[in-house]
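A short worksheet on the structure shown next.
The values are calculated or read from the model by the stated rules, or taken from the named source; none is laboratory data. Please read all numbers here as calculations on a predicted model, not as lab measurements. For neighbour counting, all protein chains shown are included, and Cβ atoms are generated from backbone atoms with ideal geometry for every residue, glycine included. With ligands, DNA and RNA removed, areas are computed over all heavy atoms of the protein, side chains included. Shrake-Rupley method; radii C 1.70, N 1.55, O 1.52, S 1.80 Å.
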Amino acid sequence: MRVAVLTEPGEFELVERERPEPEPEEALVRPRAVGICGSDLHYYEHGRNGGTDIGDGHVLGHEAAGEVVAVGSEVTGLSIGDRVAIEPGVPCRRCEHCRRGDYHLCPDVTFLGSPPDDGALAEYVAWPADYLYELPESVSTREGALCEPLSVGIHAARRGEVSTGDSVLITGAGPIGRCALEAVRAAGATDVVVSDVVPSKLDAAAAAGADRTIDAREESVADAVSAYTDGRGVDTVIEASGAEPAIGSTVDAVRRGAVVVLVGMPVDGAVEFDALDIINREVDVRGSYRYANTYPTAVELLADGRVDVDGLVDFEAPVSEVQTAFERALEPEVVKGVVTL
């Protein structure tokens, strides 16, 4: 089979490898659409992301969907020809986190496309059937691939306890910020403010349903939110940019007793907060890491037409042009690129 290997920073090579055979509890999937994620771009630019690196070469891609071409002997509920979204994180299923349902916190997760586990920029992927979700006819394969960033948005909305009538600030209008926008709208938020520093991304967020957009280069986000909410502040902030100034301003934008959810990964993990202010106003500051138990919800929301992920996509490119696709995805105005196989 043909796979796209990132051999060094900024360099892909299409190579032939042996086609995998599914284990009894696995299905063999032929990926058809693979989204380019920010973490993929970090590997592409730097050869590493956090504490992991690509070593002698690595296959990226964890936002994926495709069709089942074979099933293991113990697989039920899936058939050859089914279109499926691939949930990329498979936990150990035995640790305390898995047992209580927080399997995304499992310390032994196998994550598609995260070294040492190769990803979906390949003709075939063998994956546990329990983490494959059949797509209804009304949901495209590309939308199925984007269940992954949508799941990040759903999990962040849940961490923020967003409910009907809430006001929400989302800092960052990239793919995760946009998916958070879709998720909080689906959860019932009625006032959604989005900030960013790229005007085209703010325009796209407004077109996608943001009630107010803020160009953080032109005005203080906290001051703009205060003016928009008559001095009250929002019920929830979802920080999706990873930019340290945005992270530092989140607490200033919320009301008393509100929730701040940190999703975006800063380059430097140390960001200053006013601890006395957090205590006196009883603000909850929460991390949001990946997702758990979100894929069925993501598929249902897409099937019901309650969220739009196709609107995130700026371009598609075939895997034969994968390097050009990654270069284009690095452009500041681009929200999401998709590689087709």
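Classify the range 1-63 from the C-alpha gyration tensor, please: rounded if a/c falls under 1.5, else prolate or oblate depending on whether a/b exceeds b/c.
Details: a/c = 1.96, a/b = 1.67, b/c = 1.17.
Prolate.
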Solvent-accessible heavy-atom area per residue, rounded to whole Å², over the chain at 1.4 Å: 43
Per its Cα gyration tensor (rounded if a/c is under 1.5, else prolate when a/b beats b/c, else oblate), the range 115-160 is best filed as oblate
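Treating the beta-carbon of each Lys and Arg as +1 and of each Asp and Glu as -1, no other charges, what is the dipole magnitude of the chain about its Cα centre, to the nearest 20 debye? Provide the component values of the computation, followed by the final result.
Working: 28 positive and 61 negative charges, 147 e Å.
Around 700 debye, computed over the chain.
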With a sphere of radius 9 Å drawn around the Cβ of G57, what net charge do the other residues whose Cβ falls strictly inside it have (Lys, Arg +1; Asp, Glu -1)? -3
Using heavy-atom solvent-accessible surface (probe 1.4 Å) with all chains present, what is the largest-first order of E13, E26? E13, E26
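Which percent of the accessible area of the range 1-124 is formed by carbon and sulfur heavy atoms (probe 1.4 angstrom)?
Details: 2390 of 5690 Å².
It is 42 percent, rounded to a whole number.
Which of the GluC sites (Glu not before Pro) found in the range 113-178 are loop residues per DSSP with 12 or fewer other Cβ atoms within 10 Å of their Cβ?
Values: sites: E123, E134, E137, E143, E161; in loops: E123, E137, E161.
Qualifying residues, ordered by number: E137.
What ranking, highest mean first, results for peptides 70-77, 207-214 when packing means the other Cβ atoms within 10 Å averaged over each residue? Present the calculation step by step, with values, prior to reporting the outcome.
Numbers: 70-77: 14.0, 207-214: 17.9.
Highest-to-lowest ranking by the protection proxy: 207-214, 70-77.
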So, in nm, how far is label H46 from label E272 when the simple model puts each one 7 Å beyond its Cα toward the Cβ? 2.3
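In Å, the Kirkwood hydrodynamic radius of the range 205-247 over pairs of distinct alpha carbons?
Details: mean 1/r = 0.0870 Å⁻¹.
Its Kirkwood hydrodynamic radius stands at 11.5 Å.
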Beta carbons within 10 angstrom, averaged per residue: use that to sort the peptides 106-117, 79-90, highest first. 79-90, 106-117
Based on the mean of other beta carbon atoms within 10 Å per residue, what is the order of 330-337, 151-158, most packed first? 151-158, 330-337
FRET efficiency, A303 to S163 (Cβ-Cβ, R0 25 Å, nearest 0.05): 0.65
Restricted to the chain, the DSSP antiparallel beta bridge percent, nearest 5, is 55
Please compute the modelled spin-label separation between I80 and D108, points set 7 Å along Cα→Cβ, answer in nm with one decimal. 3.4
Pair E316, E25: separation of 7 Å Cα→Cβ label points (nm): 3.4
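Using the beta-carbon distance between T324 and N293 and R0 = 35 Å, what value does 1/(1 + (r/R0)^6) give for FRET efficiency, to the nearest 0.05? Walk me through the numbers before you get to the answer.
On the way: r = 37 Å, r/R0 = 1.05.
Efficiency at R0 = 35 Å is approximately 0.45.
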So how do M1, M265 rank on accessible area, 1.4 Å probe, biggest first, that is with the largest at the start? M265, M1
